[in-house]
Amino acid sequence: MNQLHHKTVAVAEPDSRRGAHRIARHIALLAVRSLYQELALYPKPGLVSFRDNGAHLDMNAATFVRSLFSLRGYFVAIAAAGMRDAGFAELQQLGLAAESHMLRATRGINTHRGAIFTHGILAAAAGCAAARNIAPSDENLRAIVTANWSRDLRAIAVARAAIPSHGQLMAARHGVTGARGEALQGFPTVFEIALPGLRSALARGAVTRHALLHTFFVLLAETLDTNVLFRGGVEGLRFIRTQAGDFLERGSVFEPGWQAHAESLHRQCSIQNLSPGGCADLLAAAWFVHQLQTDQS
């Protein structure tokens with residue numbers, strides 16, 4: 001991974017507990033904003049929004065909002081932990097506590113488990129970058145993740161292989177890496193697929209909503225989403241990737257009629273019980289990083 005590139009950024013090096021807490025709170029605010037932005041986005045094939053519940057019978061937008069409220073303190077704590085160069089064991093304990101808070105808030109429904117992991121590590125990396133007074137560039141954030149926590153992530157992945165999760169079962173069966181594999185590699189889908197797609201759309205003049213939807217379809221077309229594999233198998237994954245690729249080939253959000261096309265795919269995925277939650281987490285993570293890099297407040 002590239003070496004860290006030092007650069008003075010808008011967030012100054014903390015010189016007091018108050019300053020450090022302010023920075024951690026700001027990182028947390030951006031993390032929560034990115035997850036809210038993903039929830040509000042429509043149409044996202046098969047996923048919950050303020051318009052409808054997509055393929056889900058057990059959750060709605062209000063469930064996600066309760067979950068987000070429960071996670072605010074977590075993102076502050078894990079960003080602060082990153083500022084102290086905390087080891088992965090501390091990050092893991094914060095994540096487990098956050099998951100418990102989330103499940104209480106949602107009455108046992110898993111709304112943000114993936115985001116607790118992905119956003120948590122990225123928030124810790126952002127805190128580490130701020131403490132070192134270096135820019136939260138793609139290279140720096142990825143280097144922090146791999147340098148600070150990849151060894152522990154690898155050890156945990158080996159230890160948990162004996163009791164695989166849904167994502168791990170799909171990984172073993174279909175050769176996909178899942179969330180932990182993403183983290184081990186410095187989140188390549190976020191930095192090499194989602195962020196380039198987002199930046200390209202913004203550079204072409206797309207407003208935020210359209211740029212995010214374009215990025216989401218890029219992720220659908222190029223990502224092996226373990227949630228889709230679990231719900232729909234290989235055929236379900238092939239369907240959603242093919243349809244997303246067709247949407248992009250037809251011009252994505254830059255061509256007339258794109259919304260009707262996207263809504264049609266949303267209805268089809270909802271009927272087929274396909275919910276690309278992994279892509280949703282990756283989209284929100286990309287928007288989080290984009291905010292870290294462009295926010296001037």
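Tilt of helix 61-83 relative to the longest C-alpha principal axis of the chain, in degrees (0 to 90, nearest 10)?
For 61-83 against the chain, the angle is about 30 degrees.
Running a GNM on the chain with Cα contacts under 10 Å, which residue among Ala221, Ala81, Ala97 ends up with the highest mean-square fluctuation?
Ala97
I'd like the Karplus ³J(HN,Hα) series for region 16-31: coefficients 6.51, -1.76, 1.60, θ = phi - 60°, whole numbers in Hz, and an x wherever there's a Gly or Pro.
Per residue, the Karplus-derived 3J(HN,Hα) values read 7, 4, 5, x, 5, 5, 4, 5, 4, 5, 5, 4, 4, 4, 5, 5 Hz.
Could you tally the net charge around Phe187, taking each other residue with its Cβ under 10 Å from the Cβ of Phe187, Lys/Arg +1 and Asp/Glu -1?
Around Phe187, the surrounding residues sum to -2.
Can you give the net charge of the other residues whose Cβ lies under 11 Å from the Cβ of Phe117, counting K and R as +1 and D and E as -1?
Overall, the nearby charge balance is -1.
Using only alpha carbon pairs under 8 Å that are at least six residues apart, calculate the relative contact order of the chain and give it in whole percent.
Across the chain, relative contact order equals 26 percent.
Separation of region 25-104 and region 216-286 by C-alpha centroid, Å?
Region 25-104 and region 216-286 have Cα centres separated by 22 Å.
Most mobile of Arg142, Arg33, Arg151 per a Gaussian network model of the chain (Cα springs, under 10 Å)?
Sorting by GNM fluctuation, first place goes to Arg151.
Tally Lys and Arg at +1 and Asp and Glu at -1 over the other residues with C-beta under 12 Å from the C-beta of Ala40: what net charge comes out?
+3
Where a number appears in this text, it was derived from the coordinates with a stated rule and is not lab data. Predicted model only: the values in this text are computed from it and were never measured. No Cβ is skipped: glycine too gets one built from the backbone with ideal geometry, and neighbour counts run over all protein chains shown.
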